[in-house]
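Report on one structure; see the data block that follows.
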Amino acid sequence: MQRAIKIVDLLAADWQSVEQTATVLLAAFAGDPTGWPDLAAGLEEVRESLGPERISRIALDEGDKVLGWIAGRSDYDGNVWELHPLAVHPNVQGQGIGSLLVADFEQQVRQRGGLTVWLGTDDLSSSTSVGAVDLYPDVLGHAARIRNLDRHPLAFYQKCGYVVAGLLPDANGFGKPDIFMAKRVGGLGVDGDVV
């Protein structure tokens, strides 16, 4: 049975959704050492996403329960937006909610005149070909040859149309790089306007 999902802005005044969103964030990143250690830290991250020049959207089920969250901030005078974070509750992962949130985020960026979305996705567990490897001196060569070895989010973002735009070697310790990915979501129309 297909789940009815709606994606809406997360509002600071909706404290129930804010708390549910923080709970989803913690569940989605449980066991990830770069994640959020407790509800207070999760709530801080969620509240920060509600600031100016930010996008903060949630996926809700028929009963308005938060299933997923995506957020991001403007950079480079609004031309580029960072997608951070994307969290889908583990109980509903693999059902297309993440893809819907990413597509919605891209539409929100386009509506604001943005051209590119970028994100970082760490490899902490050697689940790509750039994990547990000394990337120097051929960092860009490693980026060009990157492969997914074990269900790293890299594959999800590639399915969404993102490409590897670079690597930050040793971002999380030796052999634990951050993988930068990007996608053009807006462009110039025939008359030079952003579309």
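Couple of notes before you dig in:
- The count of lysine pairs in the chain whose Cα atoms are under 26 Å apart, excluding pairs fewer than 8 places apart on the same chain, comes to 5.
- For segment 115-187: rounded, prolate or oblate by the Cα gyration tensor [a/c cutoff 1.5]: prolate
- Here's how it looks for residue 67: its modeled amide H is under 5 Å from those of 59, 60, 61, which are all 5 or more places away or on a different chain.
- Based on Cα contacts under 8 Å between residues 6+ apart, the chain shows a relative contact order of 17 percent.
- Length released on extending from residue 9 to residue 168, taking residue separation times 0.36 nm less the Cα-Cα span: 54.1 nm
- Largest GNM mean-square fluctuation across 34, 23, 128, computed for the chain with C-alpha springs under 10 Å, falls on 34.
- Karplus-derived 3J(HN,Hα), 6.51/-1.76/1.60, for each residue of segment 69-74, Hz, glycine and proline x: 8, 9, 9, x, 9, 7
- Put simply, segment 1-114 fits an ellipsoid with semi-axes of 21, 17, 13 Å; these come from the alpha carbon gyration tensor as the roots of five times its eigenvalues, largest first.
- Residues with amide H under 5 Å from that of residue 185, placed H, sequence gap 5 or more: 116, 117
- Descending Cα extents along the principal axes, the chain, whole Å: 50, 49, 35
- Within a Gaussian network of the chain (alpha carbon springs, distance under 10 Å), most fluctuating of 137, 169, 90: 137
- Taking 19, 53 and counting other C-beta atoms within 10 Å, the order from fewest to most: 53, 19
- Segment 1-114 - percent relative contact order, Cα under 8 Å, separation 6 or more: 26 percent
- Counting every other Cβ atom within 10 Å of each residue's Cβ, 102, 130 order from fewest to most as 102, 130.
- Under 15 Å from a label point set 7 Å out along the Cα-to-Cβ vector of residue 150, the amide N atoms of segment 32-47 belong to 32-33.
- Remark: 29, 105 ranked as 29, 105, counting other beta-carbon atoms within 10 Å and listing the fewest first.
- Put a dot 7 Å past the Cα of residue 41, heading toward its Cβ, do the same for residue 112, and the two dots end up 2.6 nm apart.
Read the figures in this text as sums done on the coordinates, not as results from a lab. Since we're looking at a predicted model, the values are computed, not measured. Counting neighbours? That spans all protein chains shown, and the Cβs are built from the backbone with ideal geometry, glycine included.
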